[in-house]
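The values are calculated or read from the model by the stated rules, or taken from the named source; none is laboratory data. Note that the coordinates shown come from a computational prediction; the quantities given were computed from them, not determined experimentally. Neighbour counts are summed over all protein chains in view; Cβ atoms, including those assigned to glycine, are modelled from backbone coordinates with ideal geometry.
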Amino acid sequence: MADGNFASRRNECAAHERGVRHVVILGVILSWLTNIAGFGSLMVAHHHGIFSLGLLLTIGSTASLISSAFMLPVLIGLFASPPMPGRARPSARG
């Protein structure tokens, strides 16, 4: 249930907008790395068709990562709910 997990994580970090973006982007990159490992293993095959399939899927996954890296932060910023009124905001001191 990916939507519920994201919603609960967003609610935990409502005051930390950057934290939500950071977690989502790390999740996308981790998913990309596992895809690259799987599809890259197809490129060691001696069969030309399997090799080209692995190459094509690796290139497609990389293009998907690049588009996600630029689009996800924009979409999260557009659709993220503002912090609840009356909730204490964290201080600027880190």
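Please work out which one of (1) assigned to a helix (DSSP H, G or I); (2) at pLDDT 80 or above is the condition S68 fails and give its number.
(2)
Look at region 34-74 and say how many of its residues are under 18 Å from V24 (Cα atoms) and touching a residue at least 24 places away in the same chain (Cβ under 8 Å).
Adding up the residues that qualify gives 9.
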